[in-house]
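Asks: Handing you a structure now.
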Amino acid sequence: MQRTLAISGMTCAHCARTVEDALNALAGVSAAVSYAEGRAEVQLTNGTDETTLIEAVRARGYEARAWDDDSATAAPSRIAQDGGDDNLHVAIISSGSGAFAAAIRAAEAGARVTLIESGDIIGGTCVNVGCVPSKIQIRAAELAQHQRHNPFEGLADRAPMIDRPRLQRQQQSRVEELREAKYQSILDDNPAITLRRGRARFEDAHTLIIAAQDGTEDRVAADRILVATGASPTIPPIPGLADTPYWTSDEAVFSAEAPEHLIVIGASVVAVEQAQAFRRLGSEVTVLARSTLLSSEDPALGEGLAAAFRAEGIDVREHTQAHAVRFAAGQFILDTDNGPIQGDRLLVATGRAPNTRDLALDNVGVKTDESGAIVVDTSLHTSAESIYATGDCTTLPQFVYVAAAGGTRAAINMTGGQARLDLSAMPAVIFTDPQVATVGLDERQAQARGLDVETRTLGLEHVPRALANFETRGFVKLVAEAGSHRLLGAQILAPEAGEMIQTAVMAVHHGMAVEALGDLLFPYLVHVEALKLCAQTFTKDVEQLSCCAG
């Protein structure tokens, strides 16, 4: 018996091989898939039905229909375009990581793409003022600290010679290189993607009004629209703050100066990363935390990081809020619960709010939450039929890799495919020293879901690589379902936590039991062996094992 399926969502020959493999994995099925023709010729030697074939294709992120189905060869509904262009037209608001991931994938699927950018530069937060420049700054600060303090008796400590202007120039140069390589060159080389300058807002579900900087307005009609406008720093309503020259992370990360005393308001990711970087680059630093450091994480993570900060001379003031701010004679004076604090620079790092206010979402019925974040489902679909969204402007977690993954999946869905964004094994890393890395559920989250759990915590003093490095501050904690011992989550505080977490991600994603994780072969000596050792503590005393016992 032979069946012919129409396959949509393929963007290359590799996609065709992926679909072919999915079909051939079914018992009694022999399939040949053509990317150019968008079809699969399937020979059946048993009773496999068409629904099973279609579900196998959809499981790989593509769409399949019977070839003789009227909908199989019909293109998705299109808005008539000037010039008679028959390609599906996708408009994407903004030009950050999520936007470009979507643009690339939509263009590969044959769509014509218009990116609409309101700012002067392309690339969004990550490459310009976020991930890239901050990690350069953090790495420079880490190397300075290694010169200042090291754990080895035979290596002399010395004060680092820090030239902040030169560091800043090198940092800016690398940012510009990556923006050119990863964003501008894609525009230059891909004729299917066009950049428009201006601020977009919705007129209706298929039409955007583009307001240019010169005050003129134009309209763009599109079949599908993706919102990827990101987020901006949130500024708390502290009396007097708005009248001072405070920093957000956008300014702090490129500072060519070393403040004598930096005050940081905030206690989450950006606040703690910047606080430690400035301390290591020569500034006195005071951190004001409304509750505790990293209060949304397992409490042990914040406690351990606060202890590490204090050991470096960072003044961590937990349960402390600023009630008023003033600036005089080059100094910030903050009135707080615990008396006044004075410093020559103030960094406000209290979170980021979605950039959705000016989009006129009410015109098209796109639902948002109380913060203005666009509500999306796992297909990145909003409450409006032809409108999708990804990244920090949505209810998704605010990580660039989530934005990019969402952009790719949104593009698949906008061009006729079926894809879902699965965040059940989403890693997160905070680039302090020690680093903080997590995946899955922590103990409180698991219990809140009504799960009966078992946990184990392993201090790094039990990890051979940490002992060899004389760096034993930190721990690994594993959360497992009671009875089955299925791994539900991991929390790590360790110098290399960011490099360790992906092993836990794979274990959570595949539903591994801690016994299976503990039975895997890990190379020796590596930090990630801490996961194996912690997994083994569910069933044995690792202190009674030899140093590389399997």
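The values are calculated or read from the model by the stated rules, or taken from the named source; none is laboratory data. All of these numbers come straight from a predicted model, not from anything done at the bench. Using ideal geometry, Cβ is built from the backbone for each residue, glycine included, and neighbour counts are taken over all protein chains shown.
Asks: Among what's in the range 37-78 and is of a type in the set (A, V, I, L, M), assigned to a loop (DSSP other than H, G, I, E, B) and within 34 Å of the chain's Cα centre (by Cα), pick the residue that is modelled with the lowest pLDDT.
Replies: Per the stated criteria, the residue is ALA75.
Asks: Would you check if there is a residue in the range 328-340 being in contact (Cβ under 8 Å) with a residue 60 or more places away in the chain and not assigned by TED's automatic domain parsing to the domain that holds THR207?
Replies: Yes - at least one qualifying residue is present in the range 328-340.
Asks: Kindly indicate the residue of the range 307-329 that is in a helix (DSSP H, G or I) and in contact with a helix residue (DSSP H, G or I) (Cβ under 9 Å, 6 or more places away or on another chain) and also nearest to ALA242 (Cα to Cα) among those meeting that condition.
Replies: Top of the filtered list is PHE309.
Asks: Condition (residue is touching a Leu at 6+ places or on another chain (Cβ under 8 Å), of a type in the set (A, V, I, L, M, F, W, C), surrounded by 15 or more Cβ atoms within 10 Å (Cβ to Cβ) and within 22 Å of SER296 (Cβ to Cβ)) applied to the range 508-528: is it met by at least one residue?
Replies: yes
Asks: Which of the residues spanning the range 403-451 are touching a residue at least 12 places away in the same chain (Cβ under 8 Å) and of a type in the set (S, T, N, Q)?
Replies: THR408, ASN413, THR415, GLN418, SER424, THR432, GLN435, THR438, GLN445
Asks: When you scan the range 219-306 for strands (runs of 3 or more DSSP E) that lie fully inside it, which ones turn up with 2 or more residues that are under 30 Å from MET161 (Cα atoms)?
Replies: The qualifying strands (runs of 3 or more DSSP E) are 261-265, 284-288.
Asks: Could you check the range 152-202 and list, in sequence order, the residues that are touching a Lys or Arg at 6+ places or on another chain (Cβ under 9 Å) and polar (S, T, N, Q)?
Replies: Matches in the range 152-202: THR194 only.
Asks: Within the range 484-502, can one find any residue that is assigned by TED's automatic domain parsing to the domain that holds HIS462, hydrophobic (A, V, I, L, M, F, W, C) and surrounded by fewer than 17 Cβ atoms within 10 Å (Cβ to Cβ)?
Replies: Checked the range 484-502: no residue is assigned by TED's automatic domain parsing to the domain that holds HIS462, hydrophobic (A, V, I, L, M, F, W, C) and surrounded by fewer than 17 Cβ atoms within 10 Å (Cβ to Cβ).
Asks: Continuing with this model, one more query. What are the residue pairs meeting all of these: first residue in the range 237-249, first residue within 14 Å of VAL264 (Cα to Cα), second residue acidic (Asp, Glu) and assigned to a helix (DSSP H, G or I), Cβ atoms under 8 Å, and 6 or more apart or on different chains?
Replies: none
Asks: Touching a residue at least 60 places away in the same chain (Cβ under 8 Å) and surrounded by 20 or more Cβ atoms within 10 Å (Cβ to Cβ): does that describe LEU301?
Replies: Here the answer is yes, as LEU301 does meet what is asked.
Asks: For the range 355-375, what are the residues that are closer than 16 Å to GLY96 by Cβ and in contact with a Phe, Trp or Tyr (Cβ under 9 Å, 6 or more places away or on another chain)?
Replies: Scanning the range 355-375 gives a single hit, LEU359.
Asks: Do you know which residues across the range 386-395 are assigned to a loop (DSSP other than H, G, I, E, B) and crowded, with 24+ Cβ neighbours inside 10 Å?
Replies: THR390
Asks: Whether any residue in the range 310-321 is out of contact with any strand residue (DSSP E or B) (no Cβ under 8 Å at 6 or more places or on another chain) and on the phi > 0 side of the Ramachandran plot is what I want to check.
Replies: Checked the range 310-321: at least one residue is out of contact with any strand residue (DSSP E or B) (no Cβ under 8 Å at 6 or more places or on another chain) and on the phi > 0 side of the Ramachandran plot.
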